Amino acid sequence: MSAHRPARPATALVGLLLAALLAGSQEPPAPAPGPIRTFFTARSAKPDDDLSEEARKEFEDDDGRPLKAVALDLKGDGGEFKFFLSSVPSRSNGLQWLVLDESTGKTCGLVVGSIIFVERENDDGFPRLETFWRQGGEMAVVFNYAYSRGRYARVESRSLTVSEINDYFRTKPPIDLDKELVEIKAEHDPVLPPRR
C-alpha cells in the first residue's frame, strides 16, 4: 500500500517559476502611440501624375492609371514631400502611398494605410508615421514606420479587433475629416476617454 505524499516545496517552486515564465512569454503590449502632429486620408489627395515611370515600379502593384498625391512639409523645414496614392491596393488590401522627396526627386519608401498619422517624434528629422486601415468588417491593421538610411520602413504591425479599434481611436486626437493636414495642438494629444 502506498501512502499519498505531499508535494515537495521544491516541486511547488518549480511549478510557480514555470507559470511565471509562460505568462512572461506572451507578446509585450504595443508601445504607446506618439503625439500626433497631423493626419491625412485619400480625401486630401489631388490629381498629380508627376511621378516617373521608374519610381512607379516601387508600388507593390500598379496599373498605370493616373495618380493622386498629398503634398506635405514632412520635416517642418519648408521642403515639400509628396505621398503618391496608387489606384491599386497593396497585396494586403490597404491603400499604398509612395513617399517622394520633391527637392531631390528620390523616393523615400512605401507606406500602406487609409489614415496616415504624422507623429511629432522623429528619426533624423523625419517624423515617424503610423497608418490605420480596415481589413474586413471585424479587423483593422496598424503599421508603424520609421525613417532610416534614406527610406521609411515598417518597424511594427498589429491587428485590432472591433473593441481594440475603439480603444485605439481614444488615444488619438479627434478625427475631423475637414481638418486633415491641419497642425494638431500638442495639448490635444493624447485624448483621454470622455467622462461619464
List the pairs whose first member sits in region 161-180 and is within 27 Å of Val70 (Cβ to Cβ), whose second member is assigned to a loop (DSSP other than H, G, I, E, B) and hydrophobic (A, V, I, L, M, F, W, C), and whose Cβ atoms are under 6 Å apart, counting only residues at least 6 apart or on separate chains? Pro173/Ile184; Pro173/Val191
Every residue from region 42-85 that is free of Cβ contacts under 8 Å to residues at least 60 places away in the same chain and aliphatic (A, V, I, L, M): Ala45, Leu51, Ala55, Leu67, Ala69, Ala71, Leu74, Leu85
Among Gly94, Gly136, Gly79, which is modelled with pLDDT under 95 and in contact with a Ser or Thr (Cβ under 6 Å, 6 or more places away or on another chain)? Gly79
Output yes when any residue across region 140-155 is farther than 21 Å from Thr107 by Cβ and either assigned to a loop (DSSP other than H, G, I, E, B) or among the charged types (D, E, K, R) (or both), and no when none is. no
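The values are calculated or read from the model by the stated rules, or taken from the named source; none is laboratory data. Model, not experiment: these values are computed from the prediction. No Cβ is skipped: glycine too gets one built from the backbone with ideal geometry, and neighbour counts run over all protein chains shown.
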